[in-house]
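Here the structure comes first, spelled out in structure tokens, and everything after it is commentary.
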Amino acid sequence: MIGRVIKFYNSFFFVQAESELIPCKLRGLLKRDKNSGSAVAPGDFVEISKLRDGSGVIEKIQPRKSLLSRPAVANVDRIILTFAAAQPDLNRLLFNRFLALAEFSRLTEIILCINKIDLAADKNFLAEYENLYEIVRTSALDGTGIENLRETISSGVTVFAGPSGVGKSSLLNRIDTRLKLKTGSVSEKILRGKHTTRVAELIEFGGGYLVDTPGFSAVDLSELGITAENLRECFKEFTDFAYDCKFLNGCSHSHEPSCGVKAAADAGKILRERYESYLALLNELK
């Protein structure tokens, strides 16, 4: 049988196959096969054998078209990077860290969702990023932007990711009241969100799936395969200006003379915030 992994919970992979949700374990040989890719992830298509007790065994993982490393979700069509306009305030470096991760995952559709826009003094919050990414501004409280977001995610596999407390689960509950996902408040003491989602799980919606993911306060890029050498590829606006670098193939866009990317940042052709975030992440990776 061929099925799709919906979630991993209590040491079982739950596979949707032929209208059944089957709890499965990995075949022992598959566990030891170093060439089988990373561990099975939600979103993977797998071949399974069904046992007499109704459970199953995963025999083989089908080739993936994409893999979001953190949270681990396979065969993703789009990612909705969700941040809050306020409560908690936007951490610009963390914001660009998540963008770098999304770009590194080779996802073709990256959308920014700015939630709690009802709390923002500027209703065009983050307008400076609109030349780079599609932005949807929403409020789970008053319904702003919900219909637009609902239409965007009506097909394919959509992952909602972002830091804790920005309202991802609240947004999904507003999009589909049947979901009833657990939500949490922002801690008044430390002004950070409380983690409410514990596992990544595919949830049927429209003609596709939604994935609500655990919130994160930090992401270690090096653990996910991003290096000082390939970080520049995660800032897509650098590409056109990199052709003007004196050291075309080896320029880190940090200290080298005659760097086209540095010159573009100085001239305002690249957002200064983006360039400074790049330098901070590059220094961290080094």
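The values are calculated or read from the model by the stated rules, or taken from the named source; none is laboratory data. Quick caveat, the model's predicted, so the values are computed rather than measured. Don't worry about glycine lacking a Cβ; one is built from the backbone with ideal geometry, like all the others, and counts go over all protein chains shown. What goes into the accessible areas is simple: the full protein's heavy atoms, side chains included, and nothing from ligands, DNA or RNA. Shrake-Rupley method; radii C 1.70, N 1.55, O 1.52, S 1.80 Å.
Summary table
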quantity	calculated
Total residues in segment 96-115, condition under 16 Å from residue 226 (Cα atoms), touching a Phe, Trp or Tyr at 6+ places or on another chain (Cβ under 9 Å) and open to solvent by less than 10 Å² (accessible area, probe 1.4 Å)	4
Any pair with Cβ under 8 angstrom, 6 or more apart, that starts in segment 125-142 at a residue that is at positive phi and ends at one that is of a type in the set (A, V, I, L, M) and modelled with pLDDT of 95 or more	126/112; 126/114; 126/135
Neighbours by Cβ (under 6 Å, 6+ apart or cross-chain): first from segment 92-119, at positive phi; second open to solvent by less than 10 Å² (accessible area, probe 1.4 Å)	116/84
Count - residues of segment 144-164 that are on the phi > 0 side of the Ramachandran plot and either among the acidic types (Asp, Glu) or open to solvent by 20 Å² or more (accessible area, probe 1.4 Å) (or both)	2
Residue satisfying all of: in segment 232-251; farther than 21 Å from residue 163 by Cα and touching a residue at least 24 places away in the same chain (Cβ under 8 Å); most open to solvent (accessible area, probe 1.4 Å) among these	233
All strands (runs of 3 or more DSSP E) inside segment 46-138 with 3 or more residues being within 15 Å of the chain's Cα centre (by Cα)	78-84, 110-115
Condition met for residue 269 (of a type outside the set (Asp, Glu), within 23 Å of residue 128 (Cα to Cα) and buried (at least 16 other Cβ atoms within 10 Å of the Cβ))	no
